[in-house]
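Visitor: Mind looking over this structure? Questions follow.
The values are calculated or read from the model by the stated rules, or taken from the named source; none is laboratory data. Because the structure is a prediction, the values reported are computed rather than measured. Heads up, the Cβs are rebuilt from the backbone with ideal geometry, glycines too, and the neighbour counts pull from every protein chain shown.
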Amino acid sequence: MKTRQDLLAEFDPNGVGLVNAGLYGLPFGLEQARIVLIPMPWDVTVSYGHGTARGPEAILAASPQLDLHIPGIERAWELGLALDEADAETAARSRRLRSAAARIIQMLENGADATASHGALYAEINQACEEMSARLQRRAGELLDQGKVVGVLGGDHSTPLGLMRALAERHEQFGILQIDAHADLRDAYEGFAQSHAAIMFNALKIPQIHRLTQVGVRDICAAEAELAAGDERIRLFHDEEIQARRFDGESWRAQCERIVATLPDKVYISFDIDGLDPVLCPNTGTPVPGGLHFNEAIFLIEQVVRSGRTIIGFDLVEVNPAADGNEWDANVGARILYRMACLCGVSHDMLRLTKADLSGQKSGRK
């Protein structure tokens, strides 16, 4: 087996991206990679458009055509990224249960009470979701114990809960930076305890999560707004507030500094692609007008790193490939994922900033 140094010496980052190589055409396997991404092809409880279970394979397919240089990060590709093998059982179970969940959701949307007639199916789906999270928690734990930094590539937004739980077993305290069009603070939405709309409600049950900072939210129900206002752990930066401050002349840099100031030293980033302007992700399951531009989202994550905070894990979810084969959503997702992973590497001192770094030098916290 070739060593990491062998691969670094042999790989040409300026060459053609090989579709039969690893993620982004990189040569790293799990042994040589510093950051490992776990694909989670799961979208059982999505409440509107479905198809995000195909997100990981779509991003993998689009990734080799991405150029690997990042201004401000020296030899970013040397970080070493690898995609773990997808769990075939998870994918098969998602396909089977998605159609069943869709029938329940259709009944609910038509005003019928599905709990009386489909109680056993509800129980099966909820159990399957919990088992999916448990499998991820075990696999993430194995990789973390090998010294890897771990990210999740969804799938819908319910998928990363297992990684959050694995990190909580290894860190006394951390916060979540959530980029999202939705607050995801619903309790058992549509009767599904691990709905994509309940991921942050479930995350806040983890005692080690001391802060949830939400950015770009623009679809929120009254119960979620009440929960966010009443829980001191939650800081919600609504998209309307962000835009109003911009209209009043406040720079995005200044807004990012206020956002980052709410976070503790250790940060988990949960990136729902629908946090972006839907022009960048038109096929995502629940698109909402408004949102962040690509460079605004990247700049915010850069500010987390510049502040001296450490990104201990991350996810990218809700990337939905177009039915006609158009790779735009996957193309954008692949770029978000690469930049987020490399910035995570910088926060762990796996990569070095160049003198031309956009912000000057990474600064330690006082």
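Visitor: Can you tell me how many residues within region 179-215 are of a type in the set (Phe, Trp, Tyr) and at pLDDT 95 or above?
Guide: The number of residues fulfilling the criteria is 1.
Visitor: For region 3-21, which residues satisfy the criterion of being surrounded by 14 or more Cβ atoms within 10 Å (Cβ to Cβ), in a loop (DSSP other than H, G, I, E, B), out of contact with any His (no Cβ under 9 Å at 6 or more places or on another chain) and modelled with pLDDT of 85 or more?
Guide: 11
Visitor: Output yes when any residue across region 218-241 is touching an Asp or Glu at 6+ places or on another chain (Cβ under 7 Å) and either part of a loop (DSSP other than H, G, I, E, B) or buried (at least 22 other Cβ atoms within 10 Å of the Cβ) (or both), and no when none is. Write out each step before concluding.
Guide: Step one: filter region 218-241 for residues touching an Asp or Glu at 6+ places or on another chain (Cβ under 7 Å), giving 218.
Checking the rest, the ones that are also either part of a loop (DSSP other than H, G, I, E, B) or buried (at least 22 other Cβ atoms within 10 Å of the Cβ) (or both) come to 218.
Within region 218-241 (the criterion being touching an Asp or Glu at 6+ places or on another chain (Cβ under 7 Å) and either part of a loop (DSSP other than H, G, I, E, B) or buried (at least 22 other Cβ atoms within 10 Å of the Cβ) (or both)), the answer is yes, since at least one residue qualifies.
Visitor: I would also like to ask the following. Tell me yes or no: at least one residue of region 317-329 is at pLDDT 95 or above, crowded, with 24+ Cβ neighbours inside 10 Å and part of a strand (DSSP E or B).
Guide: Yes: one or more hits.
Visitor: Can you tell me how many residues in region 259-279 are in a helix (DSSP H, G or I), within 16 Å of the chain's Cα centre (by Cα) and not acidic (Asp, Glu)? Talk me through it step by step, then tell me what you get.
Guide: Residues of region 259-279 in a helix (DSSP H, G or I): 259-261, 273-275, 278-279.
Now narrow it down to the ones that are within 16 Å of the chain's Cα centre (by Cα): 273-275.
Keeping just the survivors that are not acidic (Asp, Glu) gives 273, 275.
Total satisfying the criteria: 2.
Visitor: Which of the residues belonging to region 61-78 are under 16 Å from residue 328 (Cβ atoms) and either among the aliphatic types (A, V, I, L, M) or surrounded by fewer than 18 Cβ atoms within 10 Å (Cβ to Cβ) (or both)?
Guide: 61, 62, 65, 66
Visitor: Of everything in region 129-142, what is out of contact with any Lys or Arg (no Cβ under 6 Å at 6 or more places or on another chain) and buried (at least 18 other Cβ atoms within 10 Å of the Cβ)? Give them in sequence order.
Guide: Of everything in region 129-142, those that are out of contact with any Lys or Arg (no Cβ under 6 Å at 6 or more places or on another chain) and buried (at least 18 other Cβ atoms within 10 Å of the Cβ) turn out to be 129, 132, 133, 136, 139, 140, 141.
Visitor: Restricting attention to region 206-256, report how many residues are over 23 Å from the mean Cα position of the chain (by Cα), of a type in the set (Phe, Trp, Tyr) and closer than 23 Å to residue 267 by Cβ.
Guide: Final tally of qualifying residues: 0.
Visitor: Residues of region 30-45 being in a loop (DSSP other than H, G, I, E, B) and surrounded by 17 or more Cβ atoms within 10 Å (Cβ to Cβ), which ones?
Guide: 32, 33, 34, 41, 42, 43, 44, 45, listed by residue number.
Visitor: Go through (1) touching a strand residue (DSSP E or B) at 6+ places or on another chain (Cβ under 8 Å); (2) charged (D, E, K, R); (3) touching a residue at least 40 places away in the same chain (Cβ under 8 Å); (4) surrounded by fewer than 19 Cβ atoms within 10 Å (Cβ to Cβ) for residue 156 and report which single condition fails.
Guide: (4)
Visitor: Name the one entry in 24, 48 that is of a type in the set (Phe, Trp, Tyr) and not in a helix (DSSP H, G or I).
Guide: On inspection, the qualifying residue turns out to be 48.
Visitor: Farther than 24 Å from residue 202 by Cα, assigned to a loop (DSSP other than H, G, I, E, B) and at pLDDT below 85: is that true of residue 112 in this structure?
Guide: So residue 112 fits the description; yes.
Visitor: Pairs under 7 Å by beta carbon, first residue farther than 24 Å from residue 62 by Cβ in region 1-29, partner part of a loop (DSSP other than H, G, I, E, B) and at pLDDT 85 or above, six or more apart or different chains?
Guide: Pairs that qualify, where the first residue is farther than 24 Å from residue 62 by Cβ and the partner is part of a loop (DSSP other than H, G, I, E, B) and at pLDDT 85 or above, are 1/31; 4/32; 4/80.
Visitor: In region 51-75, which residues are more than 17 Å from the chain's Cα centre (by Cα) and assigned to a loop (DSSP other than H, G, I, E, B)?
Guide: 66, 67, 68, 69, 71, 72, 75
Visitor: Right, another one. Report every pair of residues separated by at least 6 positions or lying on different chains whose Cβ atoms are under 6 Å apart, first residue within region 228-251 and in contact (Cβ under 8 Å) with a residue 24 or more places away in the chain, second of a type outside the set (A, V, I, L, M).
Guide: These pairs meet every condition: 233/211; 235/213; 235/262; 236/214; 239/216; 239/218; 239/290.
Visitor: Between 107, 132, which is free of Cβ contacts under 8 Å to residues at least 24 places away in the same chain, touching a Ser or Thr at 6+ places or on another chain (Cβ under 9 Å) and assigned to a helix (DSSP H, G or I)? Before the answer, list the steps.
Guide: On the way: 132 fails: free of Cβ contacts under 8 Å to residues at least 24 places away in the same chain.
The unique qualifying residue is 107.
Visitor: Also, quick follow-up: Inside region 257-279, can you point out the residues that are closer than 27 Å to residue 169 by Cβ, touching an Asp or Glu at 6+ places or on another chain (Cβ under 7 Å) and not charged (D, E, K, R)?
Guide: The answer is 270, 271.
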